[in-house]
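Just below is one structure, and these are the notes that go with it.
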Amino acid sequence: MKAVVMAGGEGSRLRPLTIGRPKPMVPLVNKPVLGHILDLLKRHGINQIVITVQYLADVIQDYFSDGSGFGVEIEYSVEDVPLGTAGSVRRAARYLDDTFLVVSGDALTDINLSRVIEFHRAKCAPATVTLTRVANPLEYGVVTTDDQGRINQFLEKPGWGQVVSDTVNTGIYVLEPAVLDNIEEGQVCDFSHDLFPLMIEEGAPPYGFVAEGYWTDVGNFEEYMRATADILRDRVWVEPLGEHIGGDIYCAGDRDIAPDAQLYGPIFLGSDVKIKGGVVIHGPAVIGDNAVVDSHANIERGVIWGNTYVGERVEVRGALIGRQCSIKARAMIFEGAIIGDNTLVHENAVIQPNVKIWPDKEVEAGATVVSSIIWGSQGRRNLFGRYGVTGLVNVDLTPEFAARLGTAYASTLHKGAKVAVNREAHNTPRVLKRAVLSGLSVAGIHVLDVQSQPLPVARFYTRDSAAAGGIHVRLSPYDNRVVDIKFFNAGGLDLNARDQRNVESVFFREDFRRAYLDEIGRIDYAADVVSRYNRRFLDVLNRERWPLDETYNQIVVDYANAVTALVLPELLRELGADVIAVNASLDETKLFRSPDEFEEAMVRLSSITRALGSNFGARLDVGGERVFLTSADGQIIDAMDALAAVAELVLQIQPGATIAVPTTAPSLFDTLAEAHGGRVRRLKVTPQASMEAGLDSSIALIGDGRGAFIFPNFTPFPDGMFTIAKIMQLTAGAGRRLLDAVRQLPPYYLSRARIPCRWESKGRVMRLLSQRYREAAQHSAEGIRIDLGDEWVLILPDPDEPCFHIHAEGVSPEGARDLVDKYSSLVSGLLLEA
């Protein structure tokens, strides 16, 4: 007799175990589930086997080949698309010319197939369904039979109100070839839902045989773990697991078990397993081939697949860890958690109960993962985001992580190079900075400790000194639980994508350079940091044009209790500016302001500016890079309006100048440039793009419309302190206060929306958009910009988050919103297709 093994299942309920392998190939103790089925067939003398495959068919075909290595003969029937259980068997009909057996390739059973076949023949049945009784029939197809064994009803996954029996369908059938004539080839058809009810309706019902023995559908994680335990406890008849070394411990081959390891069965150890000193394993547990369990690790009811490393003092309790994973020291993985293949869990990470981590992910050192990681690789997809290396304080970014990160960066530089390192005046950046310093030094890099300076000063010192690069550690201005570690090149600019990848490559491979004792780097305090910056600041502004008329000379500056209060006041005194200072004392407890607190600070600044009639008010961000402005009439100036007003002043003083703005900026800038014979360059909306453009001295002004201004004749990176002085100079040169420049701007109307998406859908959607808007895609700085005469739309995938941004400019506020709504619907439709 031949058997058809249905092995096309995707196993969606078993994900992430079935990412990269079909459900029948999920390892169950010592072999794939399908391997146990082949053993069962051989025990009953069935050696000619047809395997139906569809999802990841090549995985099954490569593993079992023609079956000769497993003592059977195998043919394959490949489905291009899923055809259902009966449809897949119908596709294999050319191999079936006599009574045959059908069995699922993703269940574990030791049912006596010979008795099922005998029953089928004794009844002269067209079809026999093997039944079993279960305690909870809700997840199975419930079957009822008459006194003769004929099936009279199938109920697929009933509710308790429909349950009339505890007898369920096992998916094991004995069939006559003629039964398949009821199925049209290529038709989607299911045995219990379509074919068998049809046979009942036509008066030729299948018979049901209630079998004894073990049966379970390995359909979800709980059933998988129960099946594993049942094999180890000898509750199901499978082929011998290997050598029994006592204590209910079975070994498949050579092993290396430390004398002081404590193993309490039932346990299965694969071939070439290493169990090191002090390890404690409580069964039921499985340790796969070539796995290493390092010193003092503790595994209780855990399943570890092959080629996985479990580090020192790791705890695994009731969890499953996939193939080729690395679980670093002291990580903890709790009940019901599943770690997908090729995942790296760093030191001290905690994976909470029932968390699922999809394959090829990374969990950072010290992280506590409380929800499943499915899309991307976070842990993190990459080290670098738009603000550098970013993460939660002491969760994502720990001192250990920071030290390794510093060593990775150092390993990309030549030994003996110098790196300038700076931080914000807050305790958290202080701690992480010290860790970074250690990481740099052990790789042979000399540190120039800039201590705590405004970010533009640190960038300038990096550029002006002999440093090969720089690092700045700060609290995120957007979330005080988050730290950003920013890396500079020798020019003080953020690392480009290639340099970032170099650092990531070293970090992920752990290919760190270690210096010999006499090559460990020095840590020195940098000299003349502020004085170098001050000289350049004053020289570029040309002090001969100061003092200015008091109309332009009087300003209000809010230092936000940050280190800019230690640098800018002296420069403004040198220039003779009339400055009212706000929040000028350094206070690390006030360095972060929530959005509401920031708004309150801006309202106070605007009130002071109006009361004094000052040219403008300016609030610096904590790092000193960005500046937010208020006008003499007490208006809080929108950041895009501020950029447009400064651009108008620059173009008035320098007719024909080039200004650079992001692709999201309104066409207002083109209007301003045209009026003064100037040019507009549109840049990607990344800080790196703006800084790279800052290297072009032919550009007079670069802005991002979010408070960052770059004047390339001074530095190629944003500097809020210089911007304040420059606006004073520009307004004096143009003979207009900042308020006047803002009031004279033509109106414009922008709107935007955010469309969530899955990571893997981004590329497909962008391809479809590029095909639809081919010309627009070719002429966009980034994303897809669609020009519609006086209006435009920009569709932009977010580089760090699973979403798209839709930006639009209309001829009216309503028009802009309508455009956003229209193209948001377009992108949403494409996401549904993807």
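General observations
- Between Leu832 and Val811, the FRET efficiency estimated from the beta carbon spacing at R0 = 45 angstrom works out to 0.90.
- Pairs over the 22 Å Cα-Cα cut-off, from the set Lys590/Lys726; Lys31/Lys361; Lys762/Lys822; Lys31/Lys328; Lys23/Lys356: Lys590/Lys726; Lys31/Lys361; Lys31/Lys328.
- For segment 637-792, the gyration tensor built on C-alpha atoms gives a prolate shape. Its axis ratio a/c (a ≥ b ≥ c) is at least 1.5, and a/b is the larger of a/b and b/c.
- Ranking His346, His244 by solvent-accessible area of protein heavy atoms (1.4 Å probe, all protein chains present), from largest to smallest, gives His244, His346.
- Gain on full stretching of the segment that runs from Leu586 to Ser65 - 0.36 nm per residue minus C-alpha separation: 180.4 nm
- Rounded percent of accessible protein surface that carbon and sulfur make up, segment 583-736, 1.4 Å probe: 50 percent
- Rounded to two decimals, the Cα-based Rg/Rh of segment 254-397, with Kirkwood Rh, is 1.00.
- For segment 749-834, the per residue solvent-accessible surface stands at 51 Å², with DNA, RNA and ligands left out and a 1.4 Å probe.
- On Cα atoms only, tilt of 497-509 relative to the major axis of the chain in degrees: 50 degrees
- Split the accessible area of segment 324-434 by element, probe 1.4 Å, and carbon with sulfur accounts for 49%.
- The DSSP beta bridges internal to the chain are antiparallel in roughly 40% of cases.
- Scattering from the chain was approximated by placing one identical point on each alpha carbon and applying the Debye formula without solvent; log10 I(q)/I(0) at 0.06 1/Å stands at -0.56.
- Ellipsoid semi-axes for segment 595-704, based on the Cα gyration tensor and the rule √(5λ), read 27, 17, 11 Å when sorted largest first.
- Using the Cβ-Cβ distance between Ala122 and Ser505 with R0 = 51 Å, the FRET efficiency computed as 1/(1 + (r/R0)^6) comes to roughly 0.15.
- Subtracting the Cα-Cα distance of Asp821 and Ser667 from their residue separation scaled by 0.36 nm leaves 53.4 nm.
- If R0 is 51 Å, the Cβ-Cβ spacing of Ser607 and Gln352 corresponds to a FRET efficiency of close to 0.60.
- Hydrodynamic radius by Kirkwood, which averages 1/r over all alpha carbon pairs of segment 460-596, in angstrom: 18.7 Å
- Each peptide among 289-296, 209-216 gets the average number of other Cβ atoms lying within 10 Å of its residues, and from highest to lowest they stand as 289-296, 209-216.
- Placing +1 on each Lys and Arg Cβ and -1 on each Asp and Glu Cβ, with no other charges, gives the chain a dipole about its Cα centre of roughly 2240 debye.
- Our estimate of slack between Asp58 and Arg522, defined as 0.36 nm per intervening residue step minus the Cα-Cα distance, is 161.5 nm.
- Using alpha-carbon coordinates, inclination of helix 113-123 to the longest axis of the chain, degrees: 60 degrees
- Solvent exposure ordering (accessible area, 1.4 Å, most first) of Met6, Met602: Met6, Met602
- Beta bridges per DSSP with both ends in segment 224-338, % antiparallel, nearest 5: 5 percent
- For the chain, relative contact order (Cα pairs under 8 Å, six or more residues apart, normalised by length) works out to 6 percent.
- Surface per residue (accessible, 1.4 Å probe) for segment 486-528, Å²: 62 Å²
- For segment 203-333, the Stokes-Einstein estimate of translational diffusion at 20 °C and a viscosity of 1.002 mPa s comes to 139 µm²/s, using the Kirkwood hydrodynamic radius over alpha-carbon pairs.
- For segment 342-462, the spherically averaged projection of the C-alpha convex hull amounts to 8.2 nm².
- Compared with the dominant Cα axis of the chain, that is its longest principal axis, helix 221-232 is turned about 50°.
- Low-density loop positions, trypsin sites (Lys or Arg not before Pro), segment 412-477 - DSSP coil, at most 15 other Cβ in 10 Å: Lys415
- Remark: accessible surface ordering of Tyr264, Tyr55, Tyr533 (largest first) is Tyr264, Tyr55, Tyr533, probe radius 1.4 Å.
- Taking 20 Å as the cut-off, the amide N atoms of segment 507-537 that come nearer than this to a point 7 Å along the Cα-to-beta-carbon line of Ser697 belong to 533-537.
The values are calculated or read from the model by the stated rules, or taken from the named source; none is laboratory data. Keep in mind that this is a model prediction, so the values were computed, not measured. Cβ sites come from the backbone with ideal geometry, for glycine too, and all protein chains shown count toward neighbours. Side chains are part of the model used for accessible areas, which takes the heavy atoms of the whole protein and leaves out ligands, DNA and RNA. Shrake-Rupley method; radii C 1.70, N 1.55, O 1.52, S 1.80 Å.
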